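The values are calculated or read from the model by the stated rules, or taken from the named source; none is laboratory data. Computed from a predicted model, the values in this text were never measured in an experiment. Because the Cβ atoms are built from the backbone with ideal geometry, glycine has one as well, and the counts that use them run over all protein chains shown. Only protein heavy atoms, including side chains, enter the accessible area calculation; ligands, DNA and RNA are left aside. Shrake-Rupley method; radii C 1.70, N 1.55, O 1.52, S 1.80 Å.
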Amino acid sequence: MESEALSQAPTEGGFSLLGLLLEADLVVKLVLIVLFIASLWSWSVIIEKLFTVGSARKKAKAFEDAFWTGRADDLDARPGAGNSDPASRLFASISREWNDARRMPPGDDANLLIGRAERSLRAGVDREVGRVSKGLGVLATIGSSSPFIGLFGTVWGIMNAFINISEKQDTSLTNVAGPIAEALFATGLGLIAAIPAVIFYNKFTGDLNQFADRLDTFSQDLLVRLSRRTTERS
């Protein structure tokens with residue numbers, strides 16, 4: 001009895017998490033490494049976007065507040081901190097159009113200038129949103145692919161469990177526990193990588209939609225102001 005207990009001790013210790021990972025099949029190890037890297041990558045993107053998106057929204061709001069409460073009627077003035085935020089870059093674009101309008105002869109058609117300014121502002125909004133959203137595709141890819149990568153590891157581990165049963169003609173838990181545990185761990189790690197990526201991708205997508213709406217509204221206000229000024233001048 002004592003000798004049987006001693007012989008079973010290493011086997012029981014082998015079912016620790018570290019032991020299972022060290023003894024896992026090469027394919028399962030590769031799956032786990034890929035999922036671990038994907039999880040780290042997604043969290044690095046999440047942390048970077050928390051600062052980037054939040055900072056862009058705050059700066060845009062601060063510039064709008066400074067613009068509308070400060071020198072709202074002066075298209076030559078540039079309140080805020082220069083071109084350090086999206087809203088100020090849009091304002092700089094419309095300011096250039098206003099400077100061009102002042103150099104136009106009074107009889108020239110102002111609609112051409114307004115149309116050009118509108119295209120410039122639309123391109124500016126798209127450029128600013130694209131700059132802030134850069135990297136979100138990583139979260140979408142990890143969120144959609146990680147569960148399937150983990151599922152592949154699960155299928156492979158279960159296949160190894162059946163192979164062990166076939167080779168040893170033994171259906172005891174000791175024979176199949178290792179491969180099945182590896183398979184389930186691959187599934188869990190796939191979900192651990194995918195769930196935060198999906199959650200934060202949806203969050204950042206909503207934040208960017210609000211950010212784009214804010215910039216679009218601000219650009220339309222600037223366009224209306226430019227149109228009024230050019231009409232008064234002509």
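Overview of values
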item	result
LEU40 - accessible surface, heavy atoms, 1.4 Å probe, Å² rounded to 10	100
Computed label-point distance, nm, for sites ARG119 and SER166 using a 7 Å Cα→Cβ extension	6.6
Solvent-accessible area of SER166 with every protein chain in place, 1.4 Å probe, in Å² to the nearest 10	70
Surface accessible to a 1.4 Å probe, per residue, for the residues of the stretch 185-229, Å²	47
The stretch 27-35 - phi-based ³J(HN,Hα) in whole Hz, Karplus 6.51/-1.76/1.60, Gly and Pro as x	5, 5, 4, 4, 4, 5, 5, 4, 5
At R0 = 25 Å, FRET efficiency that the Cβ-Cβ distance of ILE33 and ALA140 yields, to 0.05	0.70
Order of exposure, largest accessible area first, which applies to PHE162, PHE67, PHE36, PHE185 with probe 1.4 Å	PHE162, PHE36, PHE185, PHE67
FRET E, pair LEU151, PHE51, Förster distance 45 Å, beta-carbon r, rounded to 0.05	0.85
Lysines with Cα under 27 Å of LYS58, excluding same-chain neighbours fewer than 8 positions away	LYS49, LYS134, LYS203
Accessible area in the full protein assembly, largest first, 1.4 Å probe, for ILE114, ILE149	ILE149, ILE114
